[in-house]
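The values are calculated or read from the model by the stated rules, or taken from the named source; none is laboratory data. Note that this is a predicted model, so its numbers are computed, not measured. Cβ sites come from the backbone with ideal geometry, for glycine too, and all protein chains shown count toward neighbours. Ligands, DNA and RNA are excluded from the accessible area calculation, which covers all protein heavy atoms including side chains. Shrake-Rupley method; radii C 1.70, N 1.55, O 1.52, S 1.80 Å.
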Amino acid sequence: MASEDARYRETSQFQAWSFSPAQLAAMREKTNAIARQRIAERMLASASNPPTSNNTSHANTPDPSGHGTPNPTENSTPTLPDFLKPEEEALLVSFYVSELLRAADHLGVPDEVRATATVFFRRFFLTNSIMTYPPQEMILVALFVGSKAEGRFPRIIEFQQKFNTKQDILAGEFLLCQGNRFNFEVRHPFRALMGATMELRSYGDIDEQRIIAAEKRAHEILLFSPLMTDAYFHYTPSQIMFAALSLADRGLAERLIQETFHFVPPTTNNDNTPAVTPLPGLENPGIGRKEGGSKGITTNDERAAIVGPGIRDKVMGTIEACRNMLSTELPERKSHWTSESIFKSQIRPVRKKLTKCRDPDRWNLSELQRQRREAGVRRADSEERPAASNGAKDAAIFGGDLSADAPEKKRRKVDGNGLEDPFGGPL
């Protein structure tokens, strides 16, 4: 049976959405650079091709004041706006994630839906710039898709009534799925926390009230801190759980790790052969294996490499790094993101900057969806025309009408004998 670690490495969460800090920073730099280039190109294209509906009959009429006369030799290249920097995009993403969590509280969705929607939102704006698509509208889209990914299927009208909006949520659904590479499985640390508390209770020497208090605090942390940080991009669900439990009660977290990674290799057997110990969970320990081993049995050195003090220190280092990340966004920071002074001093200037550098062609999701549908129809029509012309060429070679409705025409002619009455003329 494959271990839990081996099964996790097969998931899309690990293979497609796990990065080192350097890789994550490089991806955000690349996303920002691509967005700046494409938005600049679209802005220049729209400026060079202004709408023709405006009245231009007096374009060359001199201005009586002498200040508005056009100069043909003057450079008409528009000035591009000041684009957002990667750190400014990250600040806005964090702000809108806090807004998404508030919206989830308003909806009263389960913990898994809340976390999955947030992960979808963060993944989307990792591969797409916040200057390209509207984050405020993608909040509801992420909640809607996250609900369906977790087995809940709300009605669109419920979302619109809850938030008193007429937003077309379905207009951004495919975009969000595409931005997430259609990876809908998200593993969370909530069940791991339940298993950890059950393990702590099995020891029998820990006060029950202490376990309850630690579980409550750790669960509170898991509902906010990993979602407000990049923890899901860097750490596994079990590592995030241990970090949250360590923030809640460091002693309990260390006790769990100590009980798990405590194996010390014993001495050799009485016959001076290397001691072997069957690992828990492996079957058929007595079946022989080539090269002197046995199936389901590992040497003590091999077992020490899996659950020994050496790996324990490595695990503790990873959990400590995750703990430090979560500690930057504890649940008490909720008031920080809703503070009016913080909004005025940090968020509003960046949002004002965003209004000047957003993508002119992709900011309206409903219009973007309409344009793509029309493009799809035109593409389908262009593919049908060559097929029709090929049918005409075949008819010229083989004779007869080879169109799709030719058999139907022939059937009507035979059945009706060329008469209007299918039963023939009067007797």
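The table for this structure:
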quantity: Residue in region 203-213 that is assigned to a loop (DSSP other than H, G, I, E, B), open to solvent by 70 Å² or more (accessible area, probe 1.4 Å) and touching a helix residue (DSSP H, G or I) at 6+ places or on another chain (Cβ under 8 Å) present; calculated: no
quantity: Some residue of region 96-107 being open to solvent by 10 Å² or more (accessible area, probe 1.4 Å), β-branched (Val, Ile, Thr) and within 21 Å of residue 181 (Cβ to Cβ); calculated: no
quantity: Matching residues, region 2-23, being within 16 Å of residue 179 (Cα to Cα) and either part of a helix (DSSP H, G or I) or touching a strand residue (DSSP E or B) at 6+ places or on another chain (Cβ under 8 Å) (or both); calculated: 12, 13, 15
quantity: Flag if residue 225 is open to solvent by less than 30 Å² (accessible area, probe 1.4 Å), farther than 19 Å from residue 119 by Cβ and polar (S, T, N, Q); calculated: no
quantity: Failed criterion for residue 183 (all others in (1) part of a helix (DSSP H, G or I); (2) within 19 Å of residue 12 (Cα to Cα); (3) of a type in the set (S, T, N, Q) hold); calculated: (1)
quantity: Hits in region 120-135 (condition: open to solvent by less than 10 Å² (accessible area, probe 1.4 Å) and hydrophobic (A, V, I, L, M, F, W, C)); calculated: 120, 121, 124, 126, 130, 131
quantity: Pairs where the first residue, in region 329-350, is in contact (Cβ under 8 Å) with a residue 40 or more places away in the chain and of a type outside the set (Lys, Arg) and the second is outside any helix (DSSP H, G or I) and open to solvent by less than 40 Å² (accessible area, probe 1.4 Å), C-beta under 6 Å, 6+ apart; calculated: 329/229; 331/224
quantity: Complete set of residues in region 339-387 that are loosely packed, with under 15 Cβ neighbours inside 10 Å, of a type in the set (A, V, I, L, M) and at pLDDT below 90; calculated: 375, 377, 380, 387
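To keep it simple, each residue is scored yes or no on (1) of a type in the set (Ser, Thr, Tyr); (2) farther than 18 Å from residue 232 by Cβ; (3) touching a residue at least 60 places away in the same chain (Cβ under 8 Å).
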site: 90; (1), (2), (3): no, no, yes
site: 98; (1), (2), (3): yes, no, yes
site: 106; (1), (2), (3): no, yes, no
site: 110; (1), (2), (3): no, no, no
site: 118; (1), (2), (3): yes, no, yes
